Amino acid sequence: MYGAREILAYTADSIHIERQIKAIENAIPADPSLVFDLSRALVESACKTILRDRGQEVPVKDGLPRLFGATLEQLRVLPDAHTADAETGRSIRKTAGALYSVVQGICELRNKQGSASQGKLAETQPLESVQAELVARSAGAVVSFLFKAHRNYAAQAARPKRVEYVDNQRFNAFVDETHEPIDILSLTYRPSEVLYNVDYEAYVDALNSFSNEQDEGASADEPPEVSA
C-alpha cells in the first residue's frame, strides 16, 4: 500500500484513512475477502474528503463510480505550464478517466467477493491474497492520484463551455456530405454524430478549423474599402 501511504503526508490529520490503510494491509494475508470491502471504503473516504475540502456538496445517494466522477471533475490534472497543450491534456484526461474503470471493478468485486457486503451462497469460493493485493494496490493508486492532484492544484482550471452537437448544423452537414454514412448491423449513423460521440476532442478541433476557414473565406469575399 505504498501509494496509499504516500497520501498520509497530505492528510496528516486523517486518522480514519490511516486506520483504513492499516486494516487493508492486515487483511491481505489474513482475510482477502475483506480487502475488497475496505478498498472500496478507502476510495469513498478519499472522494468525500476532497469534495468537502473544495466546498462541494457530497452526494448522498450516488454510487461510488459517480462519486469518483464528481471528485475528478473538481480536480485539475495538468500544471499551468501545460494547460495550453491540447494533445497532452487529452492523453492525461484519458489516463485519469481510465481510473473510473478501476473504481467500477473494485465495486463489482466488493459486491461479488466482499465478506462484509451482501450475503453469499455457502458454496461461494473466495478469491485469494493475490487478487486482494491487486485491488488494494489499485485503490491505493487511485487515492494517491486524487489527493496529490487535490493538494498540488488548488483550484480547478476554468473549462470552456461544452460544444453542443445540435448548435453546429453547418459543420455537421459538411462532415456528412464529405464522408460515407456508417452502417453497423442494421443501423445507419451520421459521420458527424459518430465523430462527436466517439472522439469529442477531434470533433471540436475539426469544428474550429472549419469555422476559421469559413471566416477567412467570408473576409476574402468582402469588397475592399475605397477611400474618399
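The values are calculated or read from the model by the stated rules, or taken from the named source; none is laboratory data. Quick caveat: nothing in here was measured; it's all calculated off a predicted structure. Cβ: placed from backbone, ideal geometry, glycine included. Neighbour counts: every protein chain shown. When the accessible area is computed, the model is the full protein with side chains, heavy atoms only, and any ligands, DNA or RNA have been set aside. Shrake-Rupley method; radii C 1.70, N 1.55, O 1.52, S 1.80 Å.
Some notes on this structure:
- Residue identified as at positive phi and either of a type in the set (Ser, Thr, Tyr) or out of contact with any helix residue (DSSP H, G or I) (no Cβ under 8 Å at 6 or more places or on another chain) (or both) among Leu185, Leu134: Leu185
- Among the candidates Pro181, Pro191, residue that is more than 24 Å from Thr88 (Cα to Cα), exposed (fewer than 13 other Cβ atoms within 10 Å of the Cβ) and either small (Gly, Ala, Ser) or touching a strand residue (DSSP E or B) at 6+ places or on another chain (Cβ under 7 Å) (or both): Pro181
- Of the listed requirements (1) within 18 Å of Leu67 (Cα to Cα); (2) open to solvent by less than 70 Å² (accessible area, probe 1.4 Å); (3) at pLDDT 90 or above, Gly97 misses just one: (3).
- Hey, Leu99 assigned to a helix (DSSP H, G or I), under 17 Å from Lys148 (Cβ atoms) and not aromatic (Phe, Trp, Tyr) or not: yes
- Residues that are open to solvent by 40 Å² or more (accessible area, probe 1.4 Å), more than 20 Å from Gly140 (Cβ to Cβ) and in contact (Cβ under 8 Å) with a residue 24 or more places away in the chain, drawn from region 43-72: Arg54
Yes or no, residue by residue, for (1) out of contact with any Leu (no Cβ under 9 Å at 6 or more places or on another chain); (2) within 23 Å of Gln131 (Cβ to Cβ); (3) small (Gly, Ala, Ser):
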position: Glu18; (1), (2), (3): no, no, no
position: Ile21; (1), (2), (3): no, yes, no
position: Asp31; (1), (2), (3): yes, yes, no
position: Asp62; (1), (2), (3): yes, no, no
position: Arg66; (1), (2), (3): yes, no, no
position: Ala70; (1), (2), (3): no, no, yes
position: Ile92; (1), (2), (3): no, no, no
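- Selection within region 20-42: residues that are of a type outside the set (A, V, I, L, M, F, W, C) and touching a helix residue (DSSP H, G or I) at 6+ places or on another chain (Cβ under 7 Å). The member of this set that is most open to solvent (accessible area, probe 1.4 Å) is Pro29.
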